[in-house]
Amino acid sequence: ARAPLDQILMTEVLDQLGMHDTGFDAPAGRQIATFYELDAQGAAVPLPDGACGPTASPTSLQKRSLEPTAGLFSSVGDLAKLGECLANRGLCRGRRLLSERAAEMLCSNQLPGGKRIGEAGLAPFPFPNAYFGLGVIVCPGDHTSTSLAPAGAVLWAAQGGTFVYADPHKGLSLAFAMQVRAHPSTLQLIDRAVSALHGACP
């Protein structure tokens, strides 16, 4: 490559999206959120540093290993910008960052044989009845993954209960961060949030 991964990601993606709080290093002066998990009684328990993996350590400010699938710091505001781009089929502030073909492929099932996530053995991904596009979960539209999400809507999931949802059909998007490791109740909360979004914007 002509430059390290973090530099390419910054110039070709993050700067174009205006995601200035996102990178492999913690933004200067920003507090790093603590990760939690739910115990048997449903209470949130703080996780020790590094419990979500070597690239998801919530308190260490050391530079992350440059992995294409993990290790980025971000903010909910920046994630909202990503959701807006996905909802607009690759358009960001009037500029096309994804080709129409790439945007179509991103929001369609890329698993062989039309399989769903569970059938393809991609555990422990959430929503095993959904499809998988180019790095995102793709809703099938048959209400087996999220209640009101239409076919082709996408969900991007990260460590600590961070999610971006986008519906390219209606131009709707939603970003939120729970900082709680995946649990049935957190997945139910995602379902309720998506349903509330579509209920408010029919």
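For the reader, a short list of remarks on this structure follows.
- In a fully extended conformation the segment linking Ala40 and Ala151 would gain 36.5 nm over its present Cα-Cα distance, using 0.36 nm per residue.
- Relative contact order for the range 74-143, counting Cα pairs under 8 Å that sit 6 or more residues apart, in percent: 22 percent
- Heavy-atom accessible area, probed at 1.4 angstrom with all protein chains present, ranks Asp15, Asp167 as Asp15, Asp167, highest first.
- Between amide H atoms placed 1.01 Å from N, distances below 5 Å from Tyr36 occur with Leu47, Val180, Arg181, all of them 5 or more places distant or on a separate chain.
- The string of couplings for the range 24-32 from the Karplus curve (6.51, -1.76, 1.60, θ = phi - 60°) is 7, 10, 5, x, 4, x, 9, 7, 8 Hz, one whole number per residue in order, with x for Gly and Pro.
- Extension gain for His169 to Leu189 (0.36 nm times residue separation, less C-alpha to C-alpha distance): 4.9 nm.
The values are calculated or read from the model by the stated rules, or taken from the named source; none is laboratory data. Everything quoted here is computed from the prediction, not taken from an experiment. With ligands, DNA and RNA removed, areas are computed over all heavy atoms of the protein, side chains included. Shrake-Rupley method; radii C 1.70, N 1.55, O 1.52, S 1.80 Å.
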